[in-house]
Every structure is written in C-alpha cells, then in structure tokens.
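Taking it in order: structure first as structure tokens, then the write-up.
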Amino acid sequence: MRIAQEEIFGPVLSIIEAKNLNEAIDFANSVIYGLSSSIYTESIENAFRAIDKLEAGITYVNAPTIGAEIHLPFGGVKATGNGAREAGTSAIEEFTEIKTVYIDYSGRLQKAQIDIENEHRCH
C-alpha cells in the first residue's frame with residue numbers, strides 16, 4: 001500500500017503484521033526511504049539485531065521516532081536525505097569546505113623536491 005511506501009510526516013500510523021523480527025526488518029528495509037526506525041522490545045538481543053539490520057539513519061529503541069537530538073548526527077539513508085548528517089559535529093564537515101594553503105615567506109624561488117634530488121644525482 002502507498003502508506004507503507006512513502007515518507008509521511010504527520011500523525012499517521014500504519015500497522016503491518018509480521019511473523020517474526022526478521023520479517024519485520026525485511027518489511028522495514030523494503031522501502032526506498034530510511035530516515036528513522038523504532039523497535040519496542042524487552043529483548044536486548046532483538047534490539048541490537050534491529051539496530052544492526054535496519055537500514056535507517058536513526059534507530060530508536062523503546063522510543064518513538066519523534067525527532068533528533070541537536071548534538072547527534074541527523075540524516076537518513078537510501079532515498080532519504082543526501083547522505084550527509086546535518087547535526088552534531090558531523091554538520092561541521094557537511095557545511096565546511098577545506099582549503100589547504102602553503103605560504104613561503106623566504107623571498108626565494110623554491111625548487112620542487114624532484115629538481116633538488118636530480119641536482120644531487122648530477123653532481
């Protein structure tokens with residue numbers, strides 16, 4: 001159904017019955033989106049299996065997918081987002097472009113390292 005295949009940002013809940021955890025994970029991973037996921041369980045083993053197998057940028061355990069913490073990376077996988085993380089220290093890398101600069105204050109023309117090595121071989 002369409003409701004199970006699209007990202008719906010609103011007060012909507014769809015329930016799909018699964019035979020077991022593996023089938024539920026397969027259902028969740030079968031969509032093209034992957035912003036967030038949530039698992040409610042008393043089993044720490046099931047929680048960590050879901051964390052490992054769910055294709056989502058964020059996985060909540062025993063909590064709803066209500067938003068993100070500003071100090072943690074935020075973003076999705078697959079067709080959700082652009083592959084970057086927009087919060088936390090990861091955002092610095094996302095919104096920054098690094099430029100490397102070399103400045104020689106000697107006032108002399110510098111020879112390339114290869115030129116210097118060739119001079120030593122010729123003498």
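Residues checked against (1) modelled with pLDDT of 95 or more; (2) in contact with a helix residue (DSSP H, G or I) (Cβ under 6 Å, 6 or more places away or on another chain); (3) not polar (S, T, N, Q):
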residue: 8; (1), (2), (3): no, no, yes
residue: 15; (1), (2), (3): no, no, yes
residue: 25; (1), (2), (3): yes, yes, yes
residue: 36; (1), (2), (3): no, no, no
residue: 46; (1), (2), (3): yes, yes, no
residue: 60; (1), (2), (3): no, no, yes
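Looking at 9, 48, can you tell me which residue is under 29 Å from residue 96 (Cβ atoms) and hydrophobic (A, V, I, L, M, F, W, C)?
Values: 48 fails: under 29 Å from residue 96 (Cβ atoms).
Sole residue among the options that is under 29 Å from residue 96 (Cβ atoms) and hydrophobic (A, V, I, L, M, F, W, C): 9.
In the stretch 32-77, how many are closer than 16 Å to residue 8 by Cβ and under 17 Å from the mean Cα position of the chain (by Cα)? Step through it out loud before you land on a result.
Step one: filter the stretch 32-77 for residues closer than 16 Å to residue 8 by Cβ, giving 32-38, 56, 64-67, 76.
With under 17 Å from the mean Cα position of the chain (by Cα) added as a condition, the list becomes 32-38, 56, 65, 67, 76.
Qualifying residue count for the region: 11.
The values are calculated or read from the model by the stated rules, or taken from the named source; none is laboratory data. Here the structure is a predicted model, which is why all the values come from computation and not from measurement. Don't worry about glycine lacking a Cβ; one is built from the backbone with ideal geometry, like all the others, and counts go over all protein chains shown.
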